[in-house]
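Single-structure report; data block below.
The values are calculated or read from the model by the stated rules, or taken from the named source; none is laboratory data. Just so we're clear, the structure is a prediction, and the values are computed from it rather than from any experiment. Positions of Cβ are backbone-derived with ideal geometry, glycine not excepted, and every protein chain shown enters the neighbour counts.
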Amino acid sequence: METRVIGKSVPRKEGREKVTGSARYVDDLSFPGMLYGVTVRSPAARGKIRAIHFADDIPWHELIVVTARDIPGKNCIALLIEDQPCLAAEFVNHPEEPVVLLAHHDRYLLEEARRAVRIEIEPLPAVFSIEDSLARKEIIWGQDNIFKSFYVEKGDVECAWAGAALVVEGSYETGAQEQLYIEPQGMIAQVSEAEGVTVWGSLQCPHYVHKALMILFGLPRERIRVVQTETGGGFGGKEEYPSMIAAHASLLARKSGRPVKIIYDRAEDMVATTKRHPSRTRHRTAVTRDGKLLAMDIDFTVDGGAYETLSPVVLSRGTIHAAGPYACANVRICSRAVATNAPPHGAFRGFGAPQTVFALERHLDRVAEAVGIAPEELRRRNFIREGQTLAVGQVVKEKVDMNGLMERAFELSGYYAKRKKFAAENSAARGTIHKGIGFASFLHGAGFTGSGEEYLASEVAMEAKADGTVHILAGSTEMGQGTNTIFAQIAAEALRLDCEQIRIVQPDTAYVPNSGPTVASRTAMIVGKLVETAAVRLLATLHDSGFLHDGYSAGDFTRACSSYVSRHGALKSFVKYEHPHDLHWDDQKYSGDAYGAYAWAVYVAEVSVDTRTAEVRVENFVAVQEVGKVINPVLAAGQIEGGVAQGIGFALYENVVWQEGRMVNAQMTNYVMPTSVDLPVIRVYFEEIPYGRGPAGAKGIGELPLDGTAPAIANAIAFATGVDVRQIPITAETLLEMMESAHA
Amino acid sequence: MPEGARKIRVSCIVNGAAVTCEAYPMARLLDVLREELKLTGTKEGCGEGECGACAIEMDGALVNSCLVPALQAEGAKIRTIEGVACGGALHAVQQAFVAYGGAQCGICTPGMIMAAVNLLARYPQPNDAQIRAGLSGNLCRCTGYMKIFESVVAAVRDAETRA
C-alpha cells in the first residue's frame, strides 16, 4: 500500500517546545496565591495509629493540615476496587503510607513542619516476602493474603510426565524495578464552589484520576476536571499513582481555598510510589528426547504490596505470556498476586510479562542443555505457527514466522560464529574476560486483555475547523512515546493532508472523550484505529455534503471545511470502539482470544564478564521484531532502544534494596540506571506484516522490548560463565557469589 | 531557610543579559533560575547532581545548577537552554534532536542539549567515546541514548554541510 505520511519519520509534533525548554511540565506552572503541599507518611510497615503529634516550635495556625477526617466522600483511591485509603485513618499497612497532608506558601517552613509531625504507631506483625505471605504467617489482606489468582489449563499436564524422556524443573526470581521517569510525579489542584475540582499534572490516564476524585469528593462527573500537563516519562509509573497525588493536592486546595502544588522530590518518588512487581516463577517441563515440549507446568507469583491496585491485571498479563510463543499440547499455569507490607507495586512497562518471559526463556536454555541440543534448536522445534494454539487457547490467525525472525537476528548478530568462537576462547581461559552470547524469543499482546477493550469502549472525537485544521480529541496522553506524532500521521494519511494541519488537543477531561488509559501497548493499535476511523468519517461527511471531491488538494480541503462549518456550524466526527465479533474471551475459564494481535520478537545479547570482578558489560545488542506496519521508524526504533536500555537496567543494575518493606536506596546515587557509557550499540530491526485491524496495519510495540532483554542477557552470562543464572538483577555482587559457589 | 539567613543581591549575566536578583546565599541556582528569573526550561530530576536535567553553562563549564549555591553565581556568565537558540532559529544541536529522535519525553532534553552544546565547544568533531563520556552526566530514561548520539553526530555533520 502506497502511503504519504505513514512509514515516514515525521519529526516529533512537540519537538520544538521540548528542545527549547518552552514545553510546560507541571512544576513549570505557577498560580497566583499558590501553596505548596507535602505528605507526612507512616514510619512503620504495619500498625495501629495511636496518635499524631505536632511539635511545639512550628506556627501550626499558618499551615493547612489535612487528615482522613477532611475527606468529603469516600476515603479511598478508587481503581479496580476501593481498598487503598487516600489517607490512613486507623491503620497503616506499609511504610511511607500517607497519613497527614500539610500546605504552606513557604517550602522551607513546610519541610520543617513535615519533620515536626510524629505519627505514633502501635506496631503489628508484618509480612515482607512472597513466601511468608503464601504461608499466611500473618493475614494482612482479605481472608488469605491473595489479591487474585488465575488458573489456565490446556490439554492435560498430569498425563504427560510419564511419557517424558526428561523433566526439567527450575525456580526463577525477578526484583522490583523503579520506573525512574526523569520528571518526578507532581500535581496542582484548585477547588472552588463554582468550578468544582480541577487538577493539572504529570499523568498517563486522565480518566483514572477523574474517577478517583469523583469518589473521593462524592461529586458528579462534570464537577471534576483533570488536565494532563507535558509529562516527562511514565513507563507505567504514572498510570495509577497520580490519582493519589491529585487526591492529596485537591484535599489541601479544598481546605485552604487556594491552588496547591505537590511535587515529589526524587527520594519521595522512589520510596513511596509504585515499582515493578517482584516475582517468583517455577517451571516443570516435560520434554522428549529430541527436544519437543510435552508439558509445561508453570507456577507464577507476584508480590503486590499492601493494596490491590493493579496487581490482578499485572498478574493476568504475566500469566498469559508465561508459556511464550511455543506450541505445547499440555500447559498449566497457576498464578497469584499476594499481599505484603510494602508500598503497592504497580504498572511498569511490560506489566507482568517481563517477569514470566525472563523465567521461561532462561528455563528453556536449561531445558536445551538437559536435552543436549542447542538453545536455538529447542526453540525451533517448538515455535508456534499460524493455526496453532497458544496456552490460553487462542488460535494464532496472524502470519507468524518466529524461526525467520530468529535466523535474521542470528545473522545480524553473528550469533553462530560468535558462539563457537566464545566457547573456544572461554575454555582456553587466558585472562579474566569471558564472553557470552544469548538470546530470547517472545511475544507481547497489544491492547487490554480478553474482553478488556470491550469494557473500556474507548471513544475518540475529531473536529475540522473552518481554517482547515483538524483537531484530534482523545484522553490518550503523550509522555514521550509519540502519541501526538503518530495520531497526526494516522489522521493526515487518512485525510490526505500534511501533519502540520493536524492538531492534538491537550488531554482535558472537560473536553476530550475517554479513549482509555495510555497503557498496554494500546495507543497506536486500538486508539490509533479510532483516530483513523474518525478521519474516514469526517472525510465521508465532507464528500456527502458535496463540498469536497476526489483528487482534492489541501486548499480544497480547507475551503470545504470552511463551507461546511459556515453552513452547518461545526464539522465533527465521533467514534466508539467496537469489539471484533470473531474475538472471543471467557473470563471464567481464562481462555480464548487474549489479544487482538501480538508483536513477535527475537533479541540477541552479547556480553563480556570479568571473572575477577564479576563486572558484566553488554557489548552488542540486536533486537528483531515483527510489529505490523511501522508508523514512524525513528519513533518506533526509539521506543525499542529505550525499552532495551530499561531491560538492561532490569537485568544488571537496578536493584531495589528492601528493609522491612521500605526501599532504602531511594536515590539515583545508589539505585543505578544505565548511563550513556554503560550501553552497547542497540541495533533495531523491524519486520512489517500489516495487521488488518490496526491503523494502516500497525500493532502495539511500547512494552515489547522489556520482555526479552533481560533473559537474553541472562542466557549470555550463563554461556560466558557457566553459572546457572536464576534471578535478576545480576549485579556484580550476586554474580561473584554465584561464580564462587559454582567453583567451590 | 534557617533562622538568621538573609537574602543577598546576586548579579550575573544570564543568556547575554545582565540580571540582579535577591536570593538566600545557599539557595540553589536551579531555584533562582526557575523561580526568580522564570527560566523554567532548566529542569529538576533528582536534586543531587546525578541526573543532569538541571545542567547549565556557567563561565563556559557545564554544571548541575541544583548543586550551585546562588552566591557562587555572582559575576558569572550563565547560559541556560533558553539561551541556546538564536532568536527564532534553533541551534544545530536542537534541530538535530528534533529531526533524529533525540528528544522523547523531553524532561532530560534541556540538560542533554546543554551537555551536547558544551561538548561540541570542547570537541568540534567528537568521536564516539567523547560523545558518550560528554553526555554521561545526563540521564535519559526514554531513548537508550542511541538517538541522542545520532543527533549529536548529525548536528556536527549538518553544521559542516551548511558551512
A:ILE717 vs. criteria modelled with pLDDT of 95 or more, under 21 Å from the mean Cα position of the chain (by Cα) and among the aliphatic types (A, V, I, L, M): no
Condition check for A:LEU166: in the same structural domain as A:TYR36 (by TED's automatic domain parsing), over 29 Å from B:LEU139 (Cβ atoms) and modelled with pLDDT of 95 or more: no
The lone exception for A:ASP467 - which of (1) closer than 30 Å to A:LEU706 by Cα; (2) assigned to a loop (DSSP other than H, G, I, E, B); (3) of a type outside the set (Ser, Thr, Tyr) it fails: (1)
Members of the stretch B:107-147 that are under 22 Å from A:ASN484 (Cβ atoms), facing chain A (nearest Cβ under 7 Å) and within 13 Å of the chain's Cα centre (by Cα): B:ILE107, B:CYS108, B:THR109, B:PRO110, B:ILE113
Enumeration of residues in the stretch A:52-85 that are over 24 Å from A:LEU110 (Cβ atoms) and out of contact with any Leu (no Cβ under 8 Å at 6 or more places or on another chain): A:ILE81, A:GLU82, A:ASP83, A:GLN84
Qualifying residue in the stretch A:463-477 (condition: in contact with a Ser or Thr (Cβ under 8 Å, 6 or more places away or on another chain) and within 14 Å of chain B (Cβ to nearest Cβ)): yes
Residues (surrounded by fewer than 21 Cβ atoms within 10 Å (Cβ to Cβ) and within 30 Å of A:GLU2 (Cβ to Cβ)) located in the stretch A:635-686: A:ARG683, A:TYR685, A:PHE686
Selection from the stretch B:124-148 of residues that are closer than 13 Å to A:GLY642 by Cα, without any contact (Cβ under 8 Å) to a residue 24 or more places away in the chain and not hydroxyl-bearing (Ser, Thr, Tyr): B:GLY144, B:MET146
Total residues in the stretch A:72-96, condition over 22 Å from A:CYS205 (Cβ atoms) and not small (Gly, Ala, Ser): 8
Residues that are in contact with a helix residue (DSSP H, G or I) (Cβ under 8 Å, 6 or more places away or on another chain), more than 28 Å from B:ILE107 (Cβ to Cβ) and not aliphatic (A, V, I, L, M), drawn from the stretch A:196-226: A:GLY196, A:PHE217, A:PRO220, A:ARG221, A:ARG223
Complete set of residues in the stretch A:635-644 that are in contact with a Lys or Arg (Cβ under 8 Å, 6 or more places away or on another chain), facing chain B (nearest Cβ under 7 Å) and under 25 Å from A:GLU606 (Cβ atoms): A:GLY638, A:GLU641, A:GLY642
Qualifying residue in the stretch A:651-662 (condition: out of contact with any Phe, Trp or Tyr (no Cβ under 8 Å at 6 or more places or on another chain) and more than 30 Å from A:ALA342 (Cα to Cα)): no
Members of the stretch A:355-393 found to be touching a residue at least 60 places away in the same chain (Cβ under 8 Å), surrounded by fewer than 22 Cβ atoms within 10 Å (Cβ to Cβ) and not basic (Lys, Arg), listed by number: A:ALA368, A:ALA370, A:VAL371, A:ILE373, A:GLU376, A:GLU377, A:ASN382, A:GLN388, A:THR389, A:GLY393
Unique residue being buried (at least 17 other Cβ atoms within 10 Å of the Cβ) and either farther than 30 Å from A:GLY661 by Cβ or within 12 Å of chain B (Cβ to nearest Cβ) (or both) when the list is A:GLY37, A:GLY7: A:GLY7
Candidates A:ALA189, A:ALA194, filtered to the one that is outside the structural domain of A:ASN330 (by TED's automatic domain parsing), buried (at least 21 other Cβ atoms within 10 Å of the Cβ) and either among the small types (Gly, Ala, Ser) or part of a loop (DSSP other than H, G, I, E, B) (or both): A:ALA189
Hits in the stretch B:96-106 (condition: under 24 Å from B:LEU33 (Cβ atoms) and more than 7 Å from every other protein chain (Cβ to nearest Cβ)): B:GLY102
Considering residues of the stretch A:100-139 that are closer than 30 Å to A:SER335 by Cα and among the hydrophobic types (A, V, I, L, M, F, W, C) only, the residue surrounded by the most Cβ atoms within 10 Å (Cβ to Cβ): A:VAL127
Helices (runs of 4 or more DSSP H) lying entirely in the stretch A:373-460 (those with 1 or more residues that are of a type in the set (A, V, I, L, M) and closer than 16 Å to A:GLU687 by Cβ): A:402-413
Of residues in the stretch B:149-161 being free of Cβ contacts under 8 Å to residues at least 24 places away in the same chain and of a type in the set (D, E, K, R), the one nearest to the other protein chains (Cβ to nearest Cβ): B:ARG157
Qualifying strands (runs of 3 or more DSSP E) (wholly inside the stretch A:226-335; at least 2 residues being within 14 Å of another protein chain (Cβ to nearest Cβ) and without any contact (Cβ under 8 Å) to a residue 60 or more places away in the chain): none
Test: residue in the stretch A:735-742 that is assigned to a helix (DSSP H, G or I) and under 30 Å from A:PRO43 (Cβ atoms): no
Residue under evaluation A:LEU79, criteria (1) away from chain B (no Cβ under 14 Å); (2) farther than 30 Å from A:ARG221 by Cβ; (3) not small (Gly, Ala, Ser), criterion not met: (2)
Only listed residue being among the hydrophobic types (A, V, I, L, M, F, W, C) and outside any loop (DSSP other than H, G, I, E, B), chosen from A:VAL527, A:VAL519, A:VAL512: A:VAL527
Residue ID - farthest from the other protein chains (Cβ to nearest Cβ), chosen from residues in the stretch A:478-502 that are over 20 Å from the mean Cα position of the chain (by Cα) and in a loop (DSSP other than H, G, I, E, B): A:ARG496
Some residue of the stretch B:65-83 being buried (at least 22 other Cβ atoms within 10 Å of the Cβ), modelled with pLDDT of 95 or more and within 9 Å of another protein chain (Cβ to nearest Cβ): yes
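Okay, residues lined up against (1) under 11 Å from the mean Cα position of the chain (by Cα); (2) assigned by TED's automatic domain parsing to the domain that holds B:GLU22; (3) touching a residue at least 24 places away in the same chain (Cβ under 8 Å):
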residue: B:GLU48; (1), (2), (3): no, yes, no
residue: B:GLU57; (1), (2), (3): yes, yes, yes
residue: B:GLN72; (1), (2), (3): no, yes, yes
residue: B:ARG79; (1), (2), (3): yes, yes, yes
